[in-house]
Amino acid sequence: MRGEPKLDGMSSALNIVVVEDHDALRDVTVEALTQRGHNVRGVDCAEALPEEPGAAPIDLMVIDLNLPGEDGISLAARIRAAQPDIGIIMVTARNQVRDKLAGYDSGADIYLTKPTSAEELIAAVRALTRRIKPDDPAASDCVLHISALTLQGPQGKVVLSSHETTMLAAFVRAKDQQLETWQLIALTERDVNEASKKALEVQIVRLRKKLLQCGAQEPTLKAIRGQGYHLCLKVALSTD
């Protein structure tokens, strides 16, 4: 693959993980996306996905289907369940209709068949960027600085925990800014039970307090009876 010129500024930069077991192809894919201004990491299998505490949430994944260990279909389905609004691009040599249908059914946004040019992959990433990245931060109530673990609002800045940052970013990226209880619990990799539900309630209360501390207006996070929670204000995401 050949790269293209970098993005104009970093406002559209995404945190991307490339899951590809072919070393040379993984390296050239990472290089092409990095040249476009994205923050990119390559791994050779699902088991090697980054899980460092405080790491910036993943915005988009480029996944091969034929992986050692957990395959791409299973990985995509698992990631989609835990992070409903993450971008998923499948890049694979499987070009049969049934393979493409399985890919989309498992949660892929875009299914590309190998060999794939850098231009085609970058175009796919650009298309998903328009969905993943927020509108003008100036039009938002608050700005979540993902790397710095801080939330900036009309009354100043507050520090968030890594989990609070991940949870708030997940709300922003979710459809209608709404997540079900099991999806929020999945972010902590816990089983869905009464104990984890009680722990989630405590986390929601703490996050509400921090949203109010930085100047957000009520309602901030609204409970939806028997379902989950809804983020009621506009929060922009920043990777600065």
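Laboratory data are not the source of any read-out in this text; all were calculated from the coordinates shown. Keep in mind that what you see is a predicted model, and the values were worked out from it rather than measured. Heads up, the Cβs are rebuilt from the backbone with ideal geometry, glycines too, and the neighbour counts pull from every protein chain shown.
Assorted remarks:
- With 0.36 nm allotted per residue and the present C-alpha distance subtracted, the SER162-GLU47 stretch has 39.3 nm of extension available.
- Radius 11 Å from Cβ of LEU179, net charge of other residues (Lys, Arg +1; Asp, Glu -1): -1
- Residues in the stretch 147-189 that a label on ILE224 would reach, taking backbone N under 15 Å of a point 7 Å out along Cα→Cβ: 170-185
- Taking every DSSP bridge with both residues inside the chain, close to 40 percent are antiparallel.
- For the chain, leaving out every one of the GluC sites (Glu not before Pro) that falls in a DSSP loop and has at most 12 other Cβ atoms within 10 Å, the longest unbroken run is 52-188.
- Seen from LYS197, the other residues with C-beta closer than 13 Å to its C-beta sum to a net charge of -2, counting Lys and Arg as +1 and Asp and Glu as -1.
- For the chain, excluding the exposed loop sites themselves (trypsin sites (Lys or Arg not before Pro), DSSP loop, at most 12 other Cβ atoms within 10 Å), the longest remaining stretch covers 3-224.
- Vicinal HN-Hα couplings computed from phi for the stretch 57-69 (Karplus, 6.51 cos²θ - 1.76 cosθ + 1.60; Hz; Gly/Pro x): x, 6, 8, 8, 10, 10, 10, 7, 7, 8, 10, x, x
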